[in-house]
Every structure is written in C-alpha cells, then in structure tokens.
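Below is one structure, written out as structure tokens; comments come after it.
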Amino acid sequence: MSDDIRGMTAELAADPDSLVFLDLGEALRRRGQLDAAYKIARTGLTRYPELARAHDLAGRILCDRGERDRAFEAWVAALELDAGLVSAHKGLGFLFHQAGDLASADKHLAYARQADPDDAGTAVALERVRALQRAAPPTPTASAAAATPSAPSEAPPGPAEQAPAGSDLAAEAGLPFSFEEGSPSPVQDAVFAGLDGGTDGLLLVDSAGLRLGGGLRSPEGADVADSVAALLAGVSKEAARTARLLELGDWRGLAVECGDGNLFLSAPTDSTVLLTVRGLDMPMGRVARFAERASTAARAWLERTG
C-alpha cells in the first residue's frame, strides 16, 4: 500500500465523515483495486447521497468493473445533482460512444470540451466521435438532450428540465448497451500513421485513462484497448514517484517480459503513457527501440493536435 493511500485510509478511519473518501476511492481505482474502491465510494454515498462527485466516483469505478449500465445510472444521478459536472459528461460521452449513439456522445463531450478547453483528452475523444459521425451520420436521440446543457455558458437546467431518473433514461437509451467496437477511428490511426505495424500493439493513453491513439487486442482477438487504457491511468505518476523515491532520476521506460509476449511502457510526455506490445519473436531490446520510435511519433502528433 502506498504512503498516500495509507495516509488517506487513516484519515478516513479517524473521521468517517471526511470527504477524503473521494481521493481515496480514486487512488484505489487507479491502482486497479476496484472492489476496495467501490466499497469506499458506496460508504461515502451513504453519508453524502446529494454529493454529485460521489456519484461520479462510483460511475468511474463501475465503468472500470465493466458494469456500464450501473455506471450510466451513477453519472446521470451526478448530473441531476450538478448539471455542469464535467467528469460526468465525459463519462456519459464515453458510454454513448461505446453504445454507438454518436449524437449523444457528441453533446456530452462538446460540453466537457467547452467547459475545460485545456483537456487534450476530451478534444481527441470529441474529434474521434465527429470523425465517425462524418463517416456515417447517426440518427440523434432525445435522451442526451434531456441530460445535457447545450453549452457551459448556460445556466444549469432547473428541476423540470433535468434528466429523468437513471433507470428511465437507461430505458430510453436502450440499455443494456451493446459494447461491440465500431469502425476504426481515423483519429486513433493518425497517431502512428506511417510507423511500421501501424496501430497494432501500440496504445497511447492520457493521465485520465483515455485512449488517445492506437489499438490493442487479446490473443483471442477481442478489442481490449479501452479496458487496458483505464488500467494504465496513473501509471506514469506511480513510475515517476517510485524512481524519485529510489533516487534514480526521471524514468524513461519499463520493460516487462511475459510468458506469451513482451511489453514496454514509456512516457512520450509528462501526461501520457505509451504501451508497446510485441510477441516473443521480437527481443526486448528491439521492442524498446521500436517503442522509442513510437514515442517520437506520439510526441509529434500531440504537438500538432495540442
């Protein structure tokens, strides 16, 4: 257990009403301890059922656990309490995108983008959605309009204008969702355009766990890119913290040899992580060199789009 988590746990034990549960739950989520994180979030919600950020935390944890219908309800509940909560709009944008409802995803992500214009991850996600819309314009639905303000400059909707209860909105949206991957994203493909191997086995992730580019599949062929991206959130900070504690200087890469393949983690920028995955037929030294070339391509793309 890290010192930060240990300290927050002790603080919460000393004062069960402390709002530190929000930071503790998020820290546990980033470490992949989802059951423990959800227990913290659920306990916090019993004490603060009217706190939008508590519902938002629960939504992130449930989404990581693969319980996306429940995550949907948690984020809708968050917006009922705080219609301008950017992180909840981002969460719903992700779910609508995965469900194939690109019009609704656009509304939520556009709001988040306008409210936080410096968030590069949201900008990339919005461009991803709009690229897919240009390729195949969808039929808009009424559900997201009910849950989303049209622009952050507008006042949050009053009680009569707010979204319906989570279960009702979920029914309107056709939940449970089908999360099958749609067509490849031109935005994701553009990151490593021209690099040998393209997007295969390369995954660029921001500090919030959002996939910025690349793709990743399991040995069975299932698309696991977004799930792995969520697990990689915070890895860069943890690696930097470990290197600092050991007085090793700035970290540059982390090699992991597995039974069926080789992994290499690198940090193209301070706020991004790049995962390179290759088979055992490629020696780790070559994997590291390839990862360096991919990092260079990622940095160049981030500079162009930033």
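Only the coordinates and a few stated rules stand behind these numbers; no lab work does. Small disclaimer: the values here were computed from a predicted structure and weren't measured. Don't worry about glycine lacking a Cβ; one is built from the backbone with ideal geometry, like all the others, and counts go over all protein chains shown.
Each of the peptides 27-38, 8-19 was scored by the mean count of other Cβ atoms within 10 Å over its residues; in descending order, highest first, they stand as 27-38, 8-19.
Rounded to the nearest whole Hz, the Karplus-based 3J(HN,Hα) values (6.51 cos²θ - 1.76 cosθ + 1.60, θ = phi - 60°) of the stretch 16-29 follow the sequence x, 8, 5, 7, 5, 4, 5, 6, 5, x, 5, 4, 5, 4, with x at glycine and proline. Less than 5 angstrom separates the built amide H of Gly215 from those of Gly201, Leu202, all sequence-distant by 5 or more or on a different chain.
In what sequence do Phe192, Phe72 fall when counting other Cβ within 10 Å, fewest first?
Numbers: Phe192 23, Phe72 26.
The most exposed by this proxy come first: Phe192, Phe72.
Using a cutoff of 8 angstrom between alpha carbon atoms and counting only pairs six or more residues apart, the relative contact order for the stretch 1-108 works out to 16 percent. How many angstrom lie between the Cα centre of the stretch 1-60 and the Cα centre of the stretch 88-110? The stretch 1-60 and the stretch 88-110 have Cα centres separated by 26 Å.
The residues packed around Leu231, meaning those with a beta-carbon under 11 Å from its beta-carbon, carry a net charge of +1 if Lys and Arg are +1 and Asp and Glu are -1.
Rounded, prolate or oblate for the stretch 8-97? Axes are the square roots of the Cα gyration tensor eigenvalues, ordered a ≥ b ≥ c, and the cut-off for rounded is a/c under 1.5. Cα axes put the stretch 8-97 in the oblate bin.
Restricting the stretch 42-118 to GluC sites (Glu not before Pro) that sit in a DSSP loop and have at most 14 other Cβ atoms within 10 Å of their own Cβ leaves Glu50.
Count the net charge of all other residues whose Cβ sits under 11 Å from the Cβ of Glu127, scoring Lys and Arg as +1 and Asp and Glu as -1.
Values: positive: Arg113, Arg128, Arg130, Arg134; negative: Asp106.
In short, +3.
Using a cutoff of 8 angstrom between alpha carbon atoms and counting only pairs six or more residues apart, the relative contact order for the stretch 222-306 works out to 20 percent.
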